[in-house]
Each structure stands twice: as C-alpha cells, then as structure tokens.
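The structure appears right after this line, and notes come after that.
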Amino acid sequence: QVQLVESGGGLVQPGGSLRLSCAASGIIFSIYHMGWYRQGPGAQRELVASIYSTGGTTYPDSVKGRFTISRDNAKNTVYLQMNSLKPEDTAVYYCNARSASLSTWGQGTQVTVSS
C-alpha cells in the first residue's frame with residue numbers, strides 16, 4: 001500500500017521559514033520523481049517544486065530562490081525548505097510521487113503566512 005504523509009505545516013509570519021517533510025512507504029522511493037504542490041483558497045493546484053530520481057530539481061519563478069526541495073532516499077523522505085515566506089504562499093501543500101505507472105498524493109498540510 002502506497003502512502004505519503006506530509007508534516008511540518010503551520011502558521012508563520014511573513015518573512016519566516018518552514019520545512020515540510022513527506023515520508024513515503026510502499027514504494028521503491030529512489031526511483032520515483034517527487035513533487036510538492038499547493039492549492040490556495042479558490043485556486044487550482046500548482047506545482048511548487050520537483051525533484052527527479054536523478055536528483056535534478058525544477059521550480060516555478062514564483063518560488064525560485066526561496067524554496068528548496070531535497071530528498072533523502074535512505075529515509076524515504078522528501079523535504080521542502082521554504083524561506084522568505086509571503087502571505088500569497090498560504091495554501092495546503094501536497095506531496096506527490098510519480099513514476100511511469102503510478103501517481104499518488106498525500107493528504108496535505110496547511111501552511112498559513114500571516115502576521
């Protein structure tokens with residue numbers, strides 16, 4: 001059974017930092033491409049960071065230079081370090097694992113950026 005469990009969300013002031021974690025089970029983690037997505041109120045889900053099985057990463061311009069995705073294959077975990085947070089980063093953040101034959105999502109973790 002494939003399972004992704006996110007943690008690390010919460011309330012943070014503008015300019016602050018948070019680190020999200022996503023622990024995977026039931027998959028051969030190292031061969032999966034991992035991504036972090038977010039969905040704000042009334043908005044569509046959008047990609048904020050990807051890390052491929054090779055270790056390569058991609059980011060949209062909206063978070064480039066502020067967010068960093070990383071993975072620890074020994075711990076079956078992917079991380080999202082978020083710095084210089086802005087109110088517009090407020091959203092539910094979801095972890096995704098993707099291969100040629102499978103795409104699965106975690107339950108999400110709320111991030112709220114507010115003073």
(request) Would you mind telling me which numbered condition in (1) open to solvent by 50 Å² or more (accessible area, probe 1.4 Å); (2) under 20 Å from Thr112 (Cα atoms); (3) touching a residue at least 12 places away in the same chain (Cβ under 8 Å); (4) not aliphatic (A, V, I, L, M) Gln44 fails? (result) (3)
(request) Just one of (1) closer than 23 Å to Gln13 by Cβ; (2) surrounded by 18 or more Cβ atoms within 10 Å (Cβ to Cβ) trips up Ile51, so point out which. (result) (1)
(message) If His33 satisfies all but one of (1) over 14 Å from Asp89 (Cβ atoms); (2) without any contact (Cβ under 8 Å) to a residue 40 or more places away in the chain, what's the number of the condition it fails?
(response) (2)
(request) Would you tally the residues in the range 1-35 being outside any strand (DSSP E or B), at pLDDT 95 or above and open to solvent by 50 Å² or more (accessible area, probe 1.4 Å)? (result) 4
(message) Just to be sure before I move on: is Tyr79 open to solvent by less than 70 Å² (accessible area, probe 1.4 Å), in contact with a Ser or Thr (Cβ under 6 Å, 6 or more places away or on another chain) and either not in a loop (DSSP other than H, G, I, E, B) or not β-branched (Val, Ile, Thr) (or both) in the structure I sent?
(response) yes
(message) Given the condition among the acidic types (Asp, Glu), more than 18 Å from Cys22 (Cα to Cα) and in contact (Cβ under 8 Å) with a residue 12 or more places away in the chain, answer yes or no: does some residue in the range 57-67 qualify?
(response) no
(message) If a residue must be surrounded by 13 or more Cβ atoms within 10 Å (Cβ to Cβ) and more than 15 Å from the chain's Cα centre (by Cα), how many such residues does the range 91-106 contain?
(response) 1
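The values are calculated or read from the model by the stated rules, or taken from the named source; none is laboratory data. Keep in mind that this is a model prediction, so the values were computed, not measured. Counting neighbours? That spans all protein chains shown, and the Cβs are built from the backbone with ideal geometry, glycine included. Surface accessibility is based on the protein's heavy atoms, side chains included, excluding ligands, DNA and RNA. Shrake-Rupley method; radii C 1.70, N 1.55, O 1.52, S 1.80 Å.
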